[in-house]
Amino acid sequence: MGPYDLGALRTSFSSGALSDQDKYKVLKHYDQPQGYRFPAVSEGGQLRRFQASWFVNYPWLAYSKSENGGYCACCMAFASSIRTGGKFGALVESPLTKFKKALETLASHEKTEYHKDSYTKMVAFLESASKGQSVVSQLNTLHAAHIQKNRLVL
């Protein structure tokens, strides 16, 4: 288990205990192991395992070695702020550990509104954090520019 294992960090994400700096590090370095032999689990008499190839079509997918399953990195980080009282289930509140229909689960998750919103928030967060400005600072700058533009119009 590494420092960016989302399974180990689930409680920190859900409680909001991670600073923006820590959240940035996790979102830049979450685990997508290549060349790793994922442990097999028995499902319906068949041995199945997590597949590294899923990372290609689902770049938001992170693997948790501590829980042998997958999480949605952007929903782990941002879905709680848009939660409407419903349950998120696999990929957010618990790892994806049922691999037989994993592709269906991943495709279905990607189509949810909370995932789309979370992905947009993650992209914006990573972009602003890489510039070294906090979101509040950027909003203040935009607000000041808007005020200046209004003054010029008057």
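Key figures for this structure:
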{"read-out": "Spin-label pair Ala144/Val56, simplified geometry with 7 Å Cα→Cβ offset, distance in nm", "value": "4.8"}
{"read-out": "Highest average packing first - 36-42, 113-119, Cβ atoms within 10 Å", "value": "113-119, 36-42"}
{"read-out": "Over 31 Å (Cα to Cα) - which of Lys101/Lys131; Lys98/Lys121; Lys25/Lys149 fall in this group", "value": "Lys101/Lys131; Lys25/Lys149"}
{"read-out": "Nearest 10 degrees, 0 to 90: helix 135-153 Cα axis against the chain principal axis", "value": "30"}
{"read-out": "Set of aspartates and glutamates near Lys65 by C-alpha distance (under 13 Å), chain-local residues within fewer than 8 positions excluded", "value": "Asp5, Asp31"}
{"read-out": "Extended-chain gain in nm, criterion 0.36 nm per residue less alpha-carbon gap, Lys116 and His29", "value": "29.3 nm"}
{"read-out": "Prolate/oblate/rounded label for segment 8-55 (Cα gyration tensor, a/c 1.5)", "value": "oblate"}
{"read-out": "The chain - percent relative contact order, Cα under 8 Å, separation 6 or more", "value": "22"}
{"read-out": "Assigned charges on the beta-carbon of Lys, Arg, Asp, Glu; the chain dipole about Cα centre (debye)", "value": "140"}
{"read-out": "Relative packing of peptides 7-20, 89-102 - highest average C-beta neighbours within 10 Å first", "value": "89-102, 7-20"}
{"read-out": "The chain: calculated mean residue ellipticity at 222 nm from DSSP helix runs of at least 4, using -39500 (n - 2.57)", "value": "-15000 deg cm²/dmol"}
{"read-out": "Förster radius 41 Å - calculated FRET efficiency between Leu103 and Ala17 (Cβ-Cβ, nearest 0.05)", "value": "0.80"}
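The numbers here are math on the coordinates, done by the rules we state, and not lab data. Note that the structure is predicted; figures quoted are calculated from it, not measured. Here the Cβ is made from the backbone with ideal geometry for all residues, glycine too, and neighbour counts use every protein chain on show.
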